[in-house]
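Below you'll find the structure, written out as structure tokens, and then a few comments.
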Amino acid sequence: MAPWAGSEASSLNPLRALWLALAAAFLLTLLLQLVPPSLLPGCALFQDLIRYGKTKLGGPRRPAVCRAFEVPKRYFSHFYVISVLWNGFLLWFLTQSLFLGVPFPQWLHRLLRILGAAQFQGGELALSAFLVLVFLWLHSVRRLFECFYVSVFSNAVIHLVQYCFGLVYYVLVGLTVLSQVPLDGRNVYVIGKNLLMQARWFHILGMMMFFWSSAHQYKCHVILGNLRKNKAGVVIHCNHRIPFGDWFEYVSSPNYLAELMIYISMAVTFGFHNLTWWLVVTYVFFSQALSAFLSHKFYKSKFVSYPKHRKAFLPFLF
């Protein structure tokens, strides 16, 4: 374990506090959805804020005022545009610092310090953070490609609050990765001035998990897109149908499960013991579990013949 781990792992800096709060909020929201409706009074605004796309159809009747804050679900692509640009920007700064010795800009260094980045000395975090930021950028590029060329969006909507949160999320998650870089002033600290000296077995394992999870998520999005296309690849409708194949044989929302696995692969790349990133993973787990649970309820209510053996999110468990 790195020499800084003992002192830094126990501190609750602003980033950790934020991810912990988000994870707790989504856990509470998920638990509230598991309570029988008869025991918990419904709140249309609350349900409107946690549902999006098809799951809004299965929620309580929405007040007319809620429709004034709708934006098309296809605006999901904006999240990945922001992520590709912003996290590519951060990756450029990190690459310059790692390989050319260029210090971080003053504004970026100050921002990282405000968020809780510390002056680490040692460990494998420089290579780990570089790889994770590359993974995050590649993930965003692929999802942006899927939004334009794979997914078929209907007229479904998301709440304006969800849209704004999505834009901020990808800025925040990139800064979270960069805050894990060991710094010596405004320069990245690299053991022996050679990045390859930090290479460890968990970097290889994390990379393998990342590409494996990404491949399955892509397959699931292709399956969903093809449900609305004919054999020639032409979109013929925007109705919902029961998906089959790949991880759909086990859960209703394998794309959400793959998203979780992608973030776990990044935790592995960080060497398993990065508390900050495990808090990010915890948030992703509960947020994706909530979306998967609501999607599962929608499918079961819409299709009488929906496969009874499928779980919502975790195969054989939930």
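The values are calculated or read from the model by the stated rules, or taken from the named source; none is laboratory data. Here the structure is a predicted model, which is why all the values come from computation and not from measurement. Here the Cβ positions follow ideal geometry from the backbone for every residue, glycine too, while neighbour counts run over all protein chains shown. Surface areas here come from the heavy atoms of the whole protein model, side chains and all, with no ligands, DNA or RNA. Shrake-Rupley method; radii C 1.70, N 1.55, O 1.52, S 1.80 Å.
Does Leu34 meet the test of being modelled with pLDDT of 90 or more and either surrounded by fewer than 17 Cβ atoms within 10 Å (Cβ to Cβ) or touching a Phe, Trp or Tyr at 6+ places or on another chain (Cβ under 8 Å) (or both)? Please lay out each step first, then the result.
Values: modelled with pLDDT of 90 or more: no; either surrounded by fewer than 17 Cβ atoms within 10 Å (Cβ to Cβ) or touching a Phe, Trp or Tyr at 6+ places or on another chain (Cβ under 8 Å) (or both): yes.
No: the conditions fail for Leu34.
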Exercise. Does Val173 satisfy the condition of being at pLDDT 95 or above and either β-branched (Val, Ile, Thr) or more than 23 Å from the chain's Cα centre (by Cα) (or both)?
Worked result: yes
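Is it true that Leu127 is open to solvent by less than 30 Å² (accessible area, probe 1.4 Å), at pLDDT 90 or above and over 14 Å from Leu183 (Cβ atoms)? Spell out how you get there, then give the answer.
Values: open to solvent by less than 30 Å² (accessible area, probe 1.4 Å): yes; at pLDDT 90 or above: yes; over 14 Å from Leu183 (Cβ atoms): yes.
For Leu127, the condition - open to solvent by less than 30 Å² (accessible area, probe 1.4 Å), at pLDDT 90 or above and over 14 Å from Leu183 (Cβ atoms) - is met.
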For this session: Looking for whichever is touching a Phe, Trp or Tyr at 6+ places or on another chain (Cβ under 9 Å) and within 20 Å of Leu34 (Cβ to Cβ) here; the options are Ser291, Ser301. Which one fits?
Result: Ser291
For this session: Please specify each residue of the stretch 294-313 satisfying the condition of being surrounded by 14 or more Cβ atoms within 10 Å (Cβ to Cβ), farther than 22 Å from Lys56 by Cβ and of a type in the set (Lys, Arg).
Result: Lys311
Seminar exercise, completed: With criteria (1) surrounded by fewer than 17 Cβ atoms within 10 Å (Cβ to Cβ); (2) closer than 29 Å to Asp48 by Cβ; (3) not basic (Lys, Arg), Ile262 comes up short on (1)
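How many residues does the stretch 160-194 contain that are among the hydrophobic types (A, V, I, L, M, F, W, C) and under 20 Å from Leu131 (Cα atoms)?
From the stretch 160-194, those among the hydrophobic types (A, V, I, L, M, F, W, C) are 160-161, 164-165, 167-168, 171-173, 175, 177-178, 181, 183, 188, 190-191; that's our starting set.
Okay, now just the ones that are also under 20 Å from Leu131 (Cα atoms), so 171-173, 175, 177-178, 181, 183, 188, 190-191.
Final tally of qualifying residues: 11.
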Seminar exercise, completed: Of the candidates His237, His221, the one satisfying the condition of being modelled with pLDDT of 90 or more, out of contact with any Asp or Glu (no Cβ under 6 Å at 6 or more places or on another chain) and not assigned by the TED database to the domain that holds Leu98 is His237
Seminar exercise, completed: Residues in the stretch 193-222 that are within 15 Å of Val268 (Cα to Cα) and either basic (Lys, Arg) or not in a helix (DSSP H, G or I) (or both) total 2
Exercise. Under the condition of being surrounded by fewer than 17 Cβ atoms within 10 Å (Cβ to Cβ) and among the β-branched types (Val, Ile, Thr), which residue from the stretch 157-170 is nearest to Ser77 (Cα to Cα)?
Worked result: Val168
Exercise. Looking only at the stretch 217-239, which residues are open to solvent by 40 Å² or more (accessible area, probe 1.4 Å) and farther than 17 Å from Glu146 by Cα?
Worked result: Asn230, Lys231, Ala232, Ile236, Asn239
